Structures are given as structure tokens and as C-alpha cells.
Amino acid sequence: MRSNLLKEDVSILSLNEDVRQKLEENNILKIEDLCSMTKADLRNINFEQSDINSIEIKLQLNGLDIKKKRY
């Protein structure tokens, strides 16, 4: 994993376009912004559970997770 991955734009995660757009609309632009969120935070901005699962998988593939967990 690149050490500066948290500073990268969320677009490098290759998320579904609707998910990426909703993140952008909520000013979640960097991976570190996304990693600081919880599942409840994501539900509060109207993400479906399937979208949350997709976000978690994309992060985990890069050694990260929501709530700032690192693998």
C-alpha cells in the first residue's frame, strides 16, 4: 500500500459512479475523508447497505476500512 493513499482522491477506488457522485456532493473527496466515516454516517447521507458494502470492499482491497482501520 502506498503510504500517501489516504491523501488520494476517492475516484481511484473505482467506485460506482452514483456512489462517487454522492460522496462528492457530501464533500467526501479524499480517501481519508471516507475512512473517517462510520456505517451510520454513510447511512445518514442516504447510502444503501449495498453501497456501504461496496465502499468497504474497495477500501479493504487497499488495506483500509471505514472508521480509520488499517490492515
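Anything in the range 14-37 that is more than 22 Å from Asn4 (Cβ to Cβ), surrounded by 12 or more Cβ atoms within 10 Å (Cβ to Cβ) and at pLDDT 95 or above? List them, or say none.
Residues satisfying the conditions are Val19, Lys22, Asn26.
Would you pick out the residues in the range 1-35 that are under 9 Å from the mean Cα position of the chain (by Cα), closer than 14 Å to Lys58 by Cα and of a type in the set (Asp, Glu)?
Once the filter is applied, which keeps residues that are under 9 Å from the mean Cα position of the chain (by Cα), closer than 14 Å to Lys58 by Cα and of a type in the set (Asp, Glu), the range 1-35 yields only Glu32.
Tell me whether the range 53-60 contains one or more residues that are closer than 13 Å to Lys7 by Cα and modelled with pLDDT under 95. Spell out the reasoning first.
First, the residues of the range 53-60 that are closer than 13 Å to Lys7 by Cα: none.
No: the range 53-60 contains no residue that is closer than 13 Å to Lys7 by Cα and modelled with pLDDT under 95.
Within the range 1-59, can you find the residues that are in contact (Cβ under 8 Å) with a residue 24 or more places away in the chain and not in a helix (DSSP H, G or I)?
Those that are in contact (Cβ under 8 Å) with a residue 24 or more places away in the chain and not in a helix (DSSP H, G or I): Met1, Ser14, Leu15, Asn16, Lys30, Ser36, Met37, Thr38, Asn46, Phe47.
The values are calculated or read from the model by the stated rules, or taken from the named source; none is laboratory data. Just so we're clear, the structure is a prediction, and the values are computed from it rather than from any experiment. Heads up, the Cβs are rebuilt from the backbone with ideal geometry, glycines too, and the neighbour counts pull from every protein chain shown.
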